[in-house]
Structures are given as structure tokens and as C-alpha cells.
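**Q** A single structure is presented below for examination.
The values are calculated or read from the model by the stated rules, or taken from the named source; none is laboratory data. Note that this is a predicted model, so its numbers are computed, not measured. Note that each Cβ is placed from the backbone with ideal geometry, even for glycine, and that neighbours are counted across all protein chains shown. For accessibility, only protein heavy atoms count, side chains too; no ligands or nucleic acids. Shrake-Rupley method; radii C 1.70, N 1.55, O 1.52, S 1.80 Å.
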Amino acid sequence: MTKLPIGITPRGLSREQAAEYCGCDSVAAFDDWVRRGIVPKAMRGTTRWDRKAIDRALDRHSGLPSDPERSFEEWAAAHAS
């Protein structure tokens, strides 16, 4: 199998890659995030996690807007303390 060029992140991540991508200290911590629904389970029928699905899940969990029409300024105003 050929390697991806430097700087290209694969879309389908292994469990270890997904844990690192999320910034988890360990695979066990990532597994806990999956159990708690912070990030999605592996793609159906695989042992790979979709990088974009992880991004969307973390955006939702962080309260970031998922609507591309909504500007950052609108989100920031809605979340101002």
C-alpha cells in the first residue's frame, strides 16, 4: 500500500489514530469518549473512524455551529457569558 503524502490525514482512522486525532491521552480514554457518545463509534462494518464524523461530533459537543450559514460571530454572541 502506498503512503499518503505528508500533510494529508486519512479519512478513515484506526482506533489509535482516532484517539490521537482527538487528543486523548490513551486509547482507553478514547474508548470512554465513544461509550459516552462524545465521538461516534467506528463506521458500520469496519474498525475505522470517519475523521469528518469525529469533527462534527466534537463541534456539536463543544457547542460550535454546524450550520455553515451561521457565522462565527453569531455563534460567539449566542454563547457570550
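**Q** What percentage of the solvent-accessible surface of the chain, computed with a 1.4 Å probe over protein heavy atoms, is contributed by carbon and sulfur atoms? Please report the intermediate quantities before stating the final value.
**A** Numbers: 3240 of 6260 Å².
That fraction is 52 percent.
**Q** With a 1.4 Å probe and all protein chains left in place, how much accessible area per residue does the chain have, in Å²? Mind dumping the intermediate values first?
**A** Details: 6260 Å² over 81 residues.
For the chain, the per-residue accessible area is 77 Å².
**Q** Next up: Of 33, 77, 47, which is farthest towards the positive pole of the chain's charge dipole, taken about the Cα centre with +1 and -1 on the beta-carbons of Lys, Arg and Asp, Glu respectively?
**A** Most positive-ward Cα: 47.
**Q** Charges only on Cβ, +1 for Lys and Arg, -1 for Asp and Glu: so what's the dipole of the chain about the Cα centre, in debye to the nearest 20? Intermediate values should be presented prior to the final figure.
**A** On the way: 13 positive and 12 negative charges, 101 e Å.
That gives a dipole near 480 debye.
**Q** Here's something else I'd like to know. Sequence gap at least 6, Cα distance under 8 Å: using those rules, report the relative contact order of the chain to the nearest whole percent.
**A** Working: 61 pairs, mean separation 19.6, N = 81.
Once divided by the residue count of the chain, the mean separation gives 24 percent.
**Q** Which ³J(HN,Hα) values, rounded to whole Hz and listed in residue order, are derived for region 54-65 from phi using the Karplus coefficients 6.51, -1.76 and 1.60 in 6.51 cos²θ - 1.76 cosθ + 1.60 with θ = phi - 60°, glycine and proline given as x?
**A** The phi angles translate into 4, 4, 4, 5, 5, 4, 4, 5, 7, x, 6, x Hz.
**Q** I'm spelling it out carefully: the read-out is Cα extents along the principal axes in Å, the candidates are (1) 46, 30, 25; (2) 48, 35, 17; (3) 36, 28, 22, and one was derived from this structure. Which label?
**A** For Cα extents along the principal axes in Å, the calculated option is (1).
**Q** Show the residues, 5+ positions off or on another chain, whose built amide H is closer than 5 Å to the amide H of residue 48.
**A** Result for residue 48 returns 43.
**Q** Rounded to the nearest 500, what is the 222 nm mean residue ellipticity of the chain from helices alone, with -39500 (n - 2.57) per DSSP H run of 4+ residues and division by all residues? It would help to have the intermediate numbers written out before the result.
**A** On the way: 4 runs with 37 residues, N = 81.
My calculation for the chain gives -13000 deg cm²/dmol from helical runs alone.
**Q** A further question on this structure: Rounded to the nearest 0.05, what FRET efficiency is calculated for residue 14 and residue 73 with R0 set to 41 Å and r the Cβ-Cβ distance? Display every interim value, and only then the final one.
**A** Numbers: r = 37 Å, r/R0 = 0.91.
Using R0 = 41 Å, I get an efficiency of 0.65.
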